[in-house]
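Before any comments, here is the structure.
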């Protein structure tokens, strides 16, 4: 039944503010009727859509991120585009640069494109990967991208354009976030983020691989 749920490629954006002084991260709460992680506080993110594959980028991912993302079932640029699109849809915040689309944007991107922006991926840093364990109603192969709020095109407190997927959108002090109702994997990501901001963290990208019956942890070099 649920064990047979397909694993979908997904992307998540960890938006951090005041990273060098008193870091805060942007999180929202999923509805209690949601099929996946109901009522939990999470980062904005979701599955890669078909329209993300050919989306033009104002600037590409950095070479280190692109190399670490290569070889999966989703192209690195599609994962970056999905992270930027989900951030826009769930928070109303734009990570982009002025530019002209070569043609009509995919339907999921129409509102983003209406601002005269192309998605810009150069400031995304690939920092975590996790595959949802078996037995869940939905499963994702999620790549987590870190970006500083200063890179946004617009006011980081303006959530008026956010869709209702996430409620209670707020900037949460990094040291207070573990007190929220969090999924286990989000707790792990926050701990890794704290180490990264303090001292650079361990080398490589942490990867919780739950594709099979046995959970494995390793780092992508």
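General remarks:
- Matching residues, the range 163-180, being assigned to a strand (DSSP E or B) and under 22 Å from residue 130 (Cα atoms): 166
- Selection status of residue 26, under 25 Å from residue 155 (Cα atoms), in contact with a strand residue (DSSP E or B) (Cβ under 9 Å, 6 or more places away or on another chain), at pLDDT 95 or above and assigned to a loop (DSSP other than H, G, I, E, B): no
- Extreme residue, nearest to the chain's Cα centre (by Cα), among residues of the range 30-49 that are within 12 Å of residue 85 (Cβ to Cβ) and not in a loop (DSSP other than H, G, I, E, B): 45
- Hits in the range 50-64 - residues which are crowded, with 16+ Cβ neighbours inside 10 Å and either modelled with pLDDT under 95 or in a helix (DSSP H, G or I) (or both): 51, 52
For (1) part of a loop (DSSP other than H, G, I, E, B); (2) at pLDDT 95 or above, each residue gets a yes or a no:
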position	(1), (2)
112	no, yes
118	no, yes
122	yes, yes
130	no, yes
134	yes, no
161	yes, yes
182	yes, yes
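- Inspection of the range 195-207 identifies no residue that is modelled with pLDDT under 95, assigned to a strand (DSSP E or B) and surrounded by fewer than 19 Cβ atoms within 10 Å (Cβ to Cβ).
- So residue 82, is it assigned to a helix (DSSP H, G or I), closer than 22 Å to residue 169 by Cα and at pLDDT 95 or above: yes
Condition check ((1) within 18 Å of residue 22 (Cβ to Cβ); (2) without any contact (Cβ under 8 Å) to a residue 60 or more places away in the chain) across all residues:
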position: 176; (1), (2): yes, yes
position: 186; (1), (2): no, no
position: 206; (1), (2): no, no
position: 216; (1), (2): no, yes
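- Among residues that are on the phi < 0 side of the Ramachandran plot, in contact with a helix residue (DSSP H, G or I) (Cβ under 6 Å, 6 or more places away or on another chain), surrounded by fewer than 23 Cβ atoms within 10 Å (Cβ to Cβ) and at pLDDT below 95, residue 76 is not included.
- Residue 151 touching a helix residue (DSSP H, G or I) at 6+ places or on another chain (Cβ under 6 Å) and within 22 Å of residue 88 (Cα to Cα): no
- Considering each residue of the range 29-40 in turn, none proves to be closer than 26 Å to residue 196 by Cβ and touching a helix residue (DSSP H, G or I) at 6+ places or on another chain (Cβ under 7 Å).
The values are calculated or read from the model by the stated rules, or taken from the named source; none is laboratory data. Keep in mind that what you see is a predicted model, and the values were worked out from it rather than measured. Because the Cβ atoms are built from the backbone with ideal geometry, glycine has one as well, and the counts that use them run over all protein chains shown.
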